[in-house]
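Before any comments, here is the structure.
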C-alpha cells in the first residue's frame, strides 16, 4: 500500500502518493542523459506525488522531455499546463479522481 503523505506537486495532504522519477528510468541508458547526470542523480531524483498529478504529468509530457527539460520540481511547476492542473486539483478532496487524458507517447 502506498504511503499517505502530501503531494509535492499540488500540495494536497493525506493522499496516497506514488514515486515519480524526475529522470524517467527508460531514459537512463541514453548517452546524453548519462553524460548530463551521474548515477546517483538519475536514481535519486524522485518526488512523492498523488496519482492524479502523476497521470497528468505523463499525459502532458513525454519521457525525453521530462528527462531533458522538466527534471526538477521547480521545472515541472513552471510548465503552464502542470501548474494550472496543480492549482485546480489543490482544493479537491483526497479521494477525488479526475478524468485523465491519454498519455503522451
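Read-outs throughout are calculated quantities, based only on the coordinates presented, and are distinct from any laboratory measurement. Here the structure is a predicted model, which means the values were calculated and not measured. With ideal geometry, Cβ positions are generated from the backbone for all residues, glycine too; neighbour counts draw on all protein chains shown.
In this structure, residue 83 and residue 6 have a Cβ-Cβ separation that, at R0 = 25 Å, corresponds to a calculated FRET efficiency of about 0.90. Roughly what percent of Cα-Cα pairs across region 4-89 reach past 22 Å? For region 4-89, the fraction of Cα-Cα distances above 22 Å is 23 percent. For a modelled paramagnetic label at residue 43, 7 Å from Cα along Cα-to-Cβ, the residues of region 6-26 in reach, with backbone nitrogen under 14 Å, are 25.
Across the chain, the relative contact order, built from alpha-carbon pairs under 8 Å that are at least six residues apart, equals 33 percent.
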